[in-house]
Structure formats: C-alpha cells, structure tokens
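Accompanying notes for the structure given below.
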Amino acid sequence: MPSHDYSYIWLPLAACLVVASIHSYLGLHILAREVIFVDLSLAQIAALGTTIAVYLGWEPTSNAAYVFSLVFAFLGAAVFAVSRVREGRIPQEAVIGIVYAVASAAAILVVAKAPHGAEEIRDILVGNIVFVQPPTILIAAGVYAGLGLFHWIFRRQFLAITFDPERAEKEGIRVRVWDFLFYVIFAVVITISVRITGVLLVFSFLIVPSACSVLFVTDLRRRLILCWILSAVVSLVGLRFSFDLPSGPMIVCVFGIALLLFSLVRYVLNATRKGVALSKIGLTAATILAAYALSVRFLSGPGDTDAQPLPEQVALASSLPSGASDADRALLADLASQDEKACIQAIDALAARKEGAAYDTIVKLARTGSNAVRDEAVRKLPLFGRADTAKLVREWASHEKDADLRYTMALALAELGDREGVNLLISLLHEGDSPFFRSEVLESLQRVTGDAFGYDSDKDAKANDDALHRFDDWWRAHGEKLGPDEVRKAASTSK
C-alpha cells in the first residue's frame, strides 16, 4: 500500500474536538426535546441571513455577513422558543420543518438576484474542515467555553426545562425565557460550527453521539463522557481514512457506521437468545453481501471483455447532442483512453472549447490519472469557469505529496482568483528541493508580492530562513485582503 502523510489531520482533528465539546452536550438536550432537525433549520436560517448580506454587497465571509446570519439565527431561536408548547395543535417538529422550507425557498430567491455569491454561500454551508486555521479553532473554543460555562452556572434551569418542563414551571422557572436563552446559545453555536465543518457534520456531531449514548447509559454525565470519547474516535478514524476523499463526508459516514455498531451490540445484549441474535445479524450481512456481488456481476454483463470500449468511453461519447461530429465524440472517448498522450490532447482540446460534458471526467482524471495527465487536467480545469473548481483543487492540494503537482494546483487556484493559491505557493517555497523549482515558485509569488524579500533560489530553505519568515509575515498582513485580480497575477504567465 502507498504511504501517506497524515500530518494534515491534526488541525481538523482539533476543530472536530472543539465542535464536539459543546455539540455533544447540546445534542443530549435536542434528543430529549425530540426536535432532531432544529440545527438544520437554524443553519438554513443563518444561511438566509448570509445570502441577504451578499445580495446587499458584502462578502460572504465578512463580519457583516456573519452578523446578518447571527441575527437571523436569533430570530429563528425566538420562533422555536415560542412554538414549544405542550398542548399546541401544531407539533414543534412541524414548525421546524416549515421554517426550514421557507428559509430555503427565500434563500433561493435571493441567490437568484445575487449569482456571484451563490457558490460562496454553498461553500460556507458545506464547509471544508481540512482548511480550518488555528485562529478559527481558538475563537470557536473561546466562545464555546464561555457558553458552556453559562450552561454550567445555570444548569438547574436548563436541565429542568429540557428533561422535566412541568416540574420547572411548578418551581417558578420561566420556561419560555430560558427556552429562548437555550435556542439563542444554540443559534450562536450552530452559526459558528457550520462555517467550520458544514451542515452535515454539525448535525452528526449533535445527534449521533447522543443517540449512541442513550442506548447504553442513563446517567447524563456518563452519556456526555461517552459522547466525547465517541466523537474523538470517529473524527480520528474519519480523517485518517480520508486522504483521497472529502474529510467531512467521510466522518459523517463513520458516524453512521458507529451508530449501526452500537445498535447491533445493544440488540445482541438485550436478546434472550444471543446466539440466535448473532445468527440473524450474520445472515443479514451475508444476504447484503451476496446481493451486492450479484448486482455487480449482473451490471457488468456476461460479455464484457478488455477489447470492448470502456463504459466511460461509451458514456462520454453519448453525452454530446445528437448532431455532434464524430471528431467531438472521439475526443470525449479519448478522455477514458489508456493512451496518456491521447488523453492529454483530448483534455487540451475539450477544455479550450469549454465542453461541459467533459468536465466531470477531467475532474476524475485530475485525481486518479498518471502524474502527467493529472498535471494537465488541473491546469485546464479553470478554463471551464466552474465556481466549484477551486474547492476541489484546494482539497486535492491538502493531500498531495508531489511538489510539482502542488505547484500546478497553486497556479490553478491563482487563476481562479482563490487566495489559497498564494498561500500554497509560499508553503512550496519552504519545501522546494531544487533551484529551478524554487525559482519558478518565487517568480509566481513576486508577481503578487512585488518583492522577493531577499530570497535566493540557489540556496536551500535553511539559508533562506529570514526571507521565508518575511513571506510568512507578508501573508499574515495581506493574505485576507487580496482580491481575485491580485491573486491571478501569480498565474499570469502560467501555461
């Protein structure tokens, strides 16, 4: 098996642990209140606030957009606090669903008027935990610590309104007021966490550990400890096995596997005849595996041979309009060819014409092809003008070990106007192991910085230590202020 560098997981793991620290506790409340999807609804309301901020002219990552999202989340908190009545005709879960649907529809309408912000807003919601930075983690940790302390100081009130609201009312606790405070805190946590990990991972951290803990533990404190342990283990496993896959979805899938395993263990432990229970589980697993094997064999067909066209070639060649020329179909089929030269020529021709039918396959080639094919695919992807390309390239670069490919990825990000391209160039300047490579990277950087800061391409990183520190200082001072046009200067003479 190929070896992989797993040093990249430590910052994402720290972010996961920070998020889990408070979500595990809040998840126990949410599970007890039976409002499982409240975080998705609040996240969508916060996204609506961000969408409106973008429509009014602010950047989606600006402080103004964050304030908008927080204010909207507070409004959602008020709605959920008011809707929690014991004898209401409309269940609170229905209110949560309605609010989610309306917020989603409103966001779509606003995005239709702010097309340039749509992709950025989607990125905020989806999240990319691989690229989380230490300041973000520290700010989140500080806020969560403060909110956790507030919950600890007033734990009697918060626990009472969640686990025994009738007793809380009899004791004179103002349930509506404390409910509103609970949802306000919840809104703050969700708004911050979604920007770090994305909606799906936030939902998983909130619900899955709590669901697993209630299967085995009745004491609240022990449930919380189990939630923290489970979240830490799942985060580590998910990040460890996501070296060539998106980290967030991988962690979510591992959470799903963990819940399945916990459920099976509980089923066996509670069964009167444990041997029979284990046999049922084994038979079910065998049936699923057999069905999978048969479906794969059936779908592959009995007559498939190496001489036949690859499925990718057939699919690509048939994806063009019926009036397309044979030459166009041949180019698309060449993308799935084993001939490296033919594949590269097809990438060049199709990307130059911005042939949309080829985009997904070129993305696949950028991940799985030979180094030469990957290099060409990454170089050409910006030509398609797709807003989601930058996110893909950032993900690949975070796992890539080949310095030349990372340099190509840095130039592609720069061409897309993504600031991470400049940051990646600076990191490559730290790592460059040949004078020619260092010279190329320095030339790209100088077009943005306007200064070499005394860096000498003929010398190694140790001899250039002072210059490298100056580049790092420049990035900290100017990185967040770089506009797309300034960033594109780094790729202005790239192939």
>> Of the residues Arg374, Arg367, Arg379, only one is at negative phi, modelled with pLDDT of 75 or more and in contact with a Ser or Thr (Cβ under 7 Å, 6 or more places away or on another chain); which?
In response: Arg379
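Given the options Ala452, Ala491, Ala410, Ala477, name the one that is modelled with pLDDT of 85 or more and surrounded by 18 or more Cβ atoms within 10 Å (Cβ to Cβ). Explain how you work it out, then say what you get.
Working: Ala452 fails: surrounded by 18 or more Cβ atoms within 10 Å (Cβ to Cβ); Ala491 fails: modelled with pLDDT of 85 or more; Ala477 fails: surrounded by 18 or more Cβ atoms within 10 Å (Cβ to Cβ).
None of the others qualify; the one that does is Ala410.
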>> If I ask for residues that are under 17 Å from Ile153 (Cβ atoms) and under 35 Å from the mean Cα position of the chain (by Cα), which ones from region 167-179 would you list?
In response: Val177, Trp178
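Say we look at region 462-474 and pick out the residues that are part of a loop (DSSP other than H, G, I, E, B) and exposed (fewer than 15 other Cβ atoms within 10 Å of the Cβ); which of these is nearest to the chain's Cα centre (by Cα)? Don't jump to the end; show me each part of the working.
In the first step, residues of region 462-474 are kept if they are part of a loop (DSSP other than H, G, I, E, B); the result is 462-464.
Imposing the further condition that a residue be exposed (fewer than 15 other Cβ atoms within 10 Å of the Cβ) reduces the set to 462-463.
On the way: Lys462: 35, Ala463: 38 Å.
Top of the filtered list is Lys462.
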>> Restricting to region 155-183, name every residue that is among the hydroxyl-bearing types (Ser, Thr, Tyr) and within 13 Å of Ala32 (Cβ to Cβ).
In response: Thr162
>> Here's a check for you: in region 56-108, which residue that is over 24 Å from the mean Cα position of the chain (by Cα) and farther than 25 Å from Val35 by Cα is modelled with the highest pLDDT?
In response: Leu56
>> Looking at the structure I just gave you, is Leu215 in the same structural domain as Ile45 (by TED's automatic domain parsing), surrounded by fewer than 23 Cβ atoms within 10 Å (Cβ to Cβ), within 25 Å of the chain's Cα centre (by Cα) and over 19 Å from Phe80 (Cα atoms)?
In response: no
> Of all the residues that make up region 172-190, how many are among the small types (Gly, Ala, Ser) and in contact with a helix residue (DSSP H, G or I) (Cβ under 8 Å, 6 or more places away or on another chain)?
Replying inline: 1
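Among the helices (runs of 4 or more DSSP H) contained in region 353-428, which hold 2 or more residues that are basic (Lys, Arg) and over 23 Å from Leu442 (Cβ atoms)? Walk me through it before giving the result.
Working: elements: 359-368, 371-380, 389-399, 403-415.
Filter on region 353-428 gives 359-368, 371-380.
Determine whether Arg353 is crowded, with 20+ Cβ neighbours inside 10 Å, over 20 Å from Arg488 (Cβ atoms), free of Cβ contacts under 8 Å to residues at least 60 places away in the same chain and among the charged types (D, E, K, R).
Against the criterion (crowded, with 20+ Cβ neighbours inside 10 Å, over 20 Å from Arg488 (Cβ atoms), free of Cβ contacts under 8 Å to residues at least 60 places away in the same chain and among the charged types (D, E, K, R)), Arg353 does not qualify.
The values are calculated or read from the model by the stated rules, or taken from the named source; none is laboratory data. Because the structure is predicted, anything quoted here is derived from the model rather than measured. Cβ atoms come from the backbone with ideal geometry, glycine included; neighbour counts cover every protein chain shown.
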